Structure formats: structure tokens, C-alpha cells
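So the structure is just underneath, and the comments pick up after that.
The values are calculated or read from the model by the stated rules, or taken from the named source; none is laboratory data. Quick caveat: nothing in here was measured; it's all calculated off a predicted structure. Glycine gets a Cβ as well: all are built from the backbone with ideal geometry, and neighbour counts include every protein chain shown. Each accessible area value is taken on the protein alone, full model and side chains, heavy atoms only, with ligands, DNA and RNA left out. Shrake-Rupley method; radii C 1.70, N 1.55, O 1.52, S 1.80 Å.
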Amino acid sequence: ATVIRCKAAVAWEPNKPLVIEEIEVAPPQANEVRIKIVASSLCRSDLYLLREGKKDFNFPLVLGHEAAGIVESVGPGVTEFKQGDKVIPIFISQCRECRFCKSPKTNLCDNSGMPEPDSRLTCKGKKLIQYMGTSTFSEYTVVNQNAVAKVDPAAPLDKVCLLGCGICTGYGAAVNTAKVEPGSTCAVFGLGAVGLAAVMGCKAAGAKRIIAVDTNPDKFDKAKEFGATEFVNPNDHDKPISQVLSDMTSGGVDYSLECIGNVGVMRSALESCVKGWGISVIVGFTNVHDLSTRPVQLLLGRTWTGSAFGGFKSKDGVQQMVKAYMDKKIKVDEFITHNLTLNEVNDAIELLKQGKSIRTVMRISPE
């Protein structure tokens, strides 16, 4: 295998538009897979990184972690994949050997993908950091085999790319982490792709009432399509949203899911839960503020927990969800509001910033 020159969207610094550049992608090394990316969608975590910039991450880098593609070549020691396989790269590994992978209690893995500052991507003589070990806003990328899932050859890559992050994250948070029960009452805060997937998960788990909470009422019709039964816009009320939900449900919801990444909303979501058994799951990502609530909230029997990638063991979960999609058990196409190309990546970013899109899928290379 040789170095591939191809196009990628490079983030040279925080809070600046991405730049389409020619980059070099080195051949895969031991236990690595080089993938031709066919489609990649934009997730809010990509924006978070551009906004919060240097606090957590180094630049320059290539964003993108919700994608699907085709194996172009494999490095030494790779037995699970071969050239031509359809795959989804994943930002959480599953090595199947570490103590986390062997435990049914978690989906974390000790052997994560491409450790910083290791990277197979360069541009103008500079190493490009591989964001989340994936970097899919590029025609080619290299990923550790522990962080790649093989999918059904019949799966449409420009649809199932969404299963690399958002849909599994929201759906699994409801089904695997909260373990929503039939007949229960749920509240979902934030109706982006992750929130809508959480609504879909609550419905699949048999929830009787699913209250969708968002300050953008344009999202309510979409949420209804995924199974929401009631809608609350916090801006329509003088009372705190936790009080509004408590009044609606005679004491609070059984399950709440925060799908935004805002610590104030995380607190509201917890405090919207019923005492005694209410479970609140943090799904939205942020790493720049602390959480707070009064200890009595937890003393009275509420549980506050979090979920990464919906609690799915990554390779197994992606395969399971692709199968569910192919069997028409879950919605995927309905999340896609826009289709663009890699050259239009900054337009995709604007659409998401302005709340005009749920998911924009960018066609990166022909299948």
C-alpha cells in the first residue's frame, strides 16, 4: 500500500471555517484499516470542538466521526476485515479482550482507537490530529481495527452512516442505559438527532407518555413522527421546567434524558424525575462546566447517570442497529434533512448552528 493523496476538510484553528485541502493518508500500520469514506454526517460534537477549541483538543485536525465507507487496504495483523468490506468507523473501540470489554456492565474499552498525537493524516508537512480516532471529513482515513464495525453489504452507506454516533447514542440511552419500561412516562430534553433517537428508543421500549422538551417549536412535528406524545417549550412557562413536568405527571417522570450537553438542563432533567425511582440519563456532551444539584434530590431515590454511545458495545451495537434498520425496526432516513458534498461542509455547519437541520449527510466519495 502507498500514500494516498486526497481531499479533506481541515480545521486549522478553533472558530474558523473548515478548509478543503489536499492531504496525504499514510498506509495502515499494524492492526489498522484504511477506509474510503463514502458518506459522513455532521454531529453537534464536531461543532462543540470548534467552539470550545483549545481547552480539550489540539489543532490542526480533521473532524467527522459519523460515517460509513469501504475498506481500501488493511495493515499487518488485521484478520477481521478485507478490501471491499462495507464498514462504519466508531469513536468507541471494542477490542473484546480488556476487562471493560469482558464486563457486561459497560461498553467502554481500554484499547481506544488512534491515540493522540498518533495520526496517519498529514497536510503541508503538518500532522493532522484524528478527531475521536476517526476523522471522516476526508476521502480516506485510517482507523484501528478495534474501532471499525463490518456491516451488511446491502446496507446503503449514505443512510447507515448515522449509526456511527447519533442514533445509537440516543436510542441506546433510552433502551440500554435508562432501561425504559413499558407503560412508563419519559421526558426527552433537546430534539436534535440524539434527542429524536431517544424518543424513538422510549417508544420502542413501550413508554406510554413521551414528553418532548425544546425551545424550538419547529422540532415538535418531527418529534411526533418518532413517537413523542406531548410537547413542552420551556419559554412558554414562568415556572421552572421541572415544576411544569412535575405538574403534568403528578410528581415527575419515570425517566428523563438530557440530549443537549448543557449542565443547567441536566439539572432540570434530574429534577423533573419522580422521587423514589426516577432515572435521569446525561446523553449530551460537554466538558467545560461542573454539575450541581441539591443532595436531597438523590437522597430521595433518584438516579443520575450517563451514557456514551448509548451503552452499546460498539461493534456489536452497530451491527445490531444496522440489522434493525434493514429489518425496518428503526427509522434512519427520517433523520436526514439535507444532502450535501464535502465541499459544502461549512454550509452543513451553518444549517446545524441555526437549528435548520437534523442531520446533513455529505457524500464524500462514490460507492
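Things to note:
- A protection proxy built from the mean count of other Cβ atoms within 10 Å ranks the segments 68-76, 336-344, most packed first, as 68-76, 336-344.
- The HN-Hα couplings worked out from phi for the range 75-89 by the Karplus form 6.51 cos²θ - 1.76 cosθ + 1.60 (θ = phi - 60°) are x, x, x, 8, 10, 6, 10, 9, 3, x, 5, 7, 9, 10, x Hz, whole numbers, x standing for Gly and Pro.
- The range 170-308: C-alpha gyration tensor shape, a/c 1.5 cut-off, then a/b vs b/c: rounded
- Put Thr229, Thr293, Thr136 in order of accessible area, highest first, and with a 1.4 Å probe you get Thr229, Thr293, Thr136.
- Taking 7 Å steps out from each Cα toward its Cβ at Cys98 and Trp12 produces label points 3.5 nm apart.
- Residues whose placed amide H lies under 5 Å from that of Asp85, excluding near-sequence neighbours: Val71
- Using C-alpha pairs below 8 Å separated by at least 6 residues, the relative contact order for the chain is 18 percent.
- Rounded if a/c under 1.5, otherwise prolate or oblate - the range 97-203, Cα gyration tensor axes: prolate
- Unpaired by the 4.7 Å Cβ criterion, cysteines found in the chain: Cys6, Cys43, Cys95, Cys98, Cys101, Cys109, Cys123, Cys161, Cys165, Cys168, Cys259, Cys273
- Each residue of the range 127-135 is assigned a 3J(HN,Hα), and the resulting list reads 5, 9, 5, 8, 4, 6, x, 10, 6 Hz, derived from the Karplus form 6.51 cos²θ - 1.76 cosθ + 1.60 (θ = phi - 60°), x at Gly and Pro.
- Compared with the direct C-alpha span, the chain from Glu225 to Thr122 gains 32.8 nm at full extension, assuming 0.36 nm per residue.
- Accessible surface computed residue by residue for the chain, with neighbouring protein chains in place and a 1.4 Å probe, gives 42 Å² per residue.
- Take every DSSP beta bridge whose two residues both sit in the chain; close to 55 percent of them are antiparallel.
- A probe of 1.4 angstrom, applied to the heavy atoms of all protein chains, finds Cys6 with accessible area near 10 square angstrom.
- Label-point separation, Lys323 to Leu299 (7 Å along Cα→Cβ), nm: 4.7
- Computed over protein heavy atoms with a 1.4 angstrom probe, the accessible surface ordering of Asp238, Asp85, Asp118, Asp247, largest first, is Asp238, Asp247, Asp118, Asp85.
- Nearest-10 value in Å² for the accessible area of Trp12, using the 1.4 Å probe: 70
- The order of His289, His237 by accessible area, most exposed first and with a 1.4 Å probe, is His289, His237.
- Here the accessible area of the chain is 50 percent carbon and sulfur, with a 1.4 angstrom probe and all protein chains present.
- Relative contact order for the range 170-308, counting Cα pairs under 8 Å that sit 6 or more residues apart, in percent: 23
- Ratio Rg/Rh, restricted to the range 243-327 and using Cα atoms, in which Rh is the Kirkwood radius: 1.07
- Here the alpha carbons of the chain define both size measures, Rg and Dmax, at 20.2, 65 Å.
- Take every pair of alpha-carbon atoms less than 8 Å apart whose residues are at least six positions apart; their mean separation over the length of the range 28-98 yields a relative contact order of 40 percent.
- Förster radius 35 Å - calculated FRET efficiency between His289 and Thr106 (Cβ-Cβ, nearest 0.05): 0.90
- Computed helical MRE - 222 nm, the chain, DSSP H runs ≥ 4 contributing -39500 (n - 2.57), nearest 500: -6000 deg cm²/dmol
- What separates the Cα centres of the range 209-243 and the range 106-171 is a distance of 33 Å.
- With R₀ set to 22 Å, the beta-carbon distance separating Ala204 from Asp236 gives a calculated FRET efficiency near 0.15.
- Note on the range 333-367 and the range 8-40: Cα centroid distance 17 Å, given to the nearest whole angstrom.
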